[in-house]
Amino acid sequence: MSHTHTTTRAESGDGGAPALSAEEPPSRVEGGERALLAAVVRALKAWGHAIDHGDDCALMPPLGGAQLLTTDALAEGVHFDLAWDTLEQVGAQAAVVNLSDLAASGGAPRGLLWSLSLPPALSADQAEALAWGFAKVAARWGAPVLGGNLCVRPGPLEVHVTALGAAPAARLHRRGARPGDGVFVTGALGARALGYLEPSEASRALRHLWRPHLPEAAALVSWGAVTAMMDISDGLLLDAHRLAEESDVALALESPLLPICPRMSALASSPPVALRAALRGGEDYVLLFTAPGAPPPEAHATRVGACLAPRPGGARVTLDGAPAAPEGYEHALGAPR
Ligand SMILES: [Mg+2]
C-alpha cells in the first residue's frame with residue numbers, strides 16, 4: 001500500500017554515485033531521518049563501503065557474463081525478536097540470508113542494495129548498530145553495499161535486501177538431481193532452531209553463528225559434478241521436498257548420518273528435540289546438494305542420504321525408510337513446528 005512521503009537526501013553529497021536516501025512522512029521533522037541516515041552511512045563507510053547519499057540511484061558495477069539477482073526480507077516478530085536478538089545481529093542476518101541465496105546458485109557476491117523501514121522510536125545509535133552488522137558481513141564476504149533507502153514509519157522494523165552476484169558458467173539449479181546421486185549438506189543442522197523451540201540466552205546465541213556458505217559453493221562449482229543445489233532456509237525436510245519435486249526424484253534421508261550441531265544437541269532438553277530442530281527447524285543456511293561421487297574436502301560435505309527414482313504414489317522424501325512430511329519453518333506460524 002502506498003503512502004505519501006517526501007524524499008530526502010543529505011545535501012552534503014559531492015556528486016558521487018551510489019545513493020542512500022531517506023523517505024519520511026511529511027509530518028516528521030527532517031532532522032530525525034537525517035540523523036538516522038548519517039548513522040547508517042557512518043557504519044557502512046567504517047566497513048569500507050564506498051557509499052554516498054547524494055544521488056537518486058546507485059551505480060551497478062560492470063559485470064561480465066550472466067548475473068544473479070535475489071531478494072529477501074526480514075521482519076520483526078517473524079524473522080527476529082528484539083527481545084532476544086541485537087540490532088547488529090539483525091543487520092548481519094539480513095546480509096547472510098541474501099548471500100546464502102547467491103551461494104545456493106553457485107554465485108559470487110557483487111553487491112547489495114537495502115531498504116530499511118524503521119520504527120519512529122529507533123535512535124540513531126540503534127540504526128548505526130543495525131547498519132554495522134549488515135556492513136560487516138557484506139564486507140567480510142566481498143559484497144559492496146551499493147545503495148539503499150530508509151523510511152521511518154510506525155510498525156515493525158523491516159529490512160529488505162536485494163543481492164547481486166556473478167553466475168557460474170554452469171548455473172546450479174534445484175532441478176537436476178538424478179537417481180543414484182548422493183544427497184549432501186555442507187554444514188551442521190539445527191543450530192538456529194533451538195533458539196525458537198527452547199529459547200534461552202545460550203540457544204539464541206547459537207542462531208547468530210550463521211554465515212553464507214560461499215566458499216563451499218565455490219568449491220562445488222569448481223568440482224563441477226553437482227547435479228542440484230539449494231540452501232536450507234526452512235528446514236532440511238521441507239527444503240528436501242522442494243529439491244525432490246523440482247528434480248522429480250525421491251530423496252531417502254538417514255537420520256544417523258545427519259550432522260546435528262553438537263552445541264545445539266548439548267543444550268536441547270532431549271535427543272528428539274535436537275532431531276526436530278535439525279530436520280524441521282530451518283535457518284541453517286547450509287547448502288543441500290546432490291552429486292554422484294565424493295565431493296571435494298573444501299565443500300565440507302556430509303552425505304545424508306541418496307536420490308532414488310520416484311515411484312507412483314511413493315513419498316518424495318523418506319527418513320529412515322518412512323515417509324517424511326514436508327514440515328519445516330513456517331513464517332506464518334511464527335516458529336518452527
Ligand atoms: Mg534459498
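The values are calculated or read from the model by the stated rules, or taken from the named source; none is laboratory data. No experiment lies behind these values; they were computed from the predicted model shown. Cβ placement follows ideal geometry from the backbone for every residue including glycine, while neighbour counts extend to all protein chains displayed.
Key figures for this structure:
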quantity	calculated
Test: residue in the range 159-167 that is more than 16 Å from the ligand (Cβ to nearest atom), touching a strand residue (DSSP E or B) at 6+ places or on another chain (Cβ under 9 Å) and modelled with pLDDT under 95	yes
Residues of the range 188-206 classified as touching a residue at least 24 places away in the same chain (Cβ under 8 Å) and either of a type in the set (G, A, S) or surrounded by 22 or more Cβ atoms within 10 Å (Cβ to Cβ) (or both), total	11
Odd one out for L68 among (1) within 16 Å of the ligand (Cβ to nearest atom); (2) assigned to a helix (DSSP H, G or I); (3) out of contact with any His (no Cβ under 7 Å at 6 or more places or on another chain)	(2)
The range 140-165 residues that are aromatic (F, W, Y), paired with ones that are assigned to a loop (DSSP other than H, G, I, E, B) and crowded, with 21+ Cβ neighbours inside 10 Å (beta carbon under 7 Å, 6 or more apart)	W141/P212
Qualifying residue in the range 290-313 (condition: farther than 21 Å from L102 by Cβ, among the polar types (S, T, N, Q) and buried (at least 16 other Cβ atoms within 10 Å of the Cβ))	yes
Any hit, the range 152-169, residues being assigned to a helix (DSSP H, G or I), buried (at least 24 other Cβ atoms within 10 Å of the Cβ) and not polar (S, T, N, Q)	no
Residue satisfying all of: in the range 79-101; of a type in the set (A, V, I, L, M) and within 16 Å of the ligand (Cβ to nearest atom); farthest from E158 (Cα to Cα) among these	L99
Residue in the range 181-209 that is modelled with the highest pLDDT, counting only those that are farther than 14 Å from L279 by Cα and charged (D, E, K, R)	D181
Residue ranges of helices (runs of 4 or more DSSP H) in the range 201-291 with at least 3 members more than 17 Å from D181 (Cβ to Cβ)	201-207, 214-223, 262-267, 271-280
Residue match in the range 102-112 (condition: within 16 Å of the ligand (Cβ to nearest atom) and among the hydroxyl-bearing types (S, T, Y))	yes
Residue tally, condition closer than 25 Å to P296 by Cα and more than 15 Å from the ligand (Cβ to nearest atom), over the range 238-274	16
Residues that are crowded, with 17+ Cβ neighbours inside 10 Å and either assigned to a loop (DSSP other than H, G, I, E, B) or touching a Cys at 6+ places or on another chain (Cβ under 6 Å) (or both), drawn from the range 124-151	W141, A143, P144
Subset tally (residues that are modelled with pLDDT under 95 and assigned to a helix (DSSP H, G or I)) for the range 94-123	0
Those residues of the range 296-313 which are touching a strand residue (DSSP E or B) at 6+ places or on another chain (Cβ under 6 Å) and part of a loop (DSSP other than H, G, I, E, B), in sequence order	A301, P310
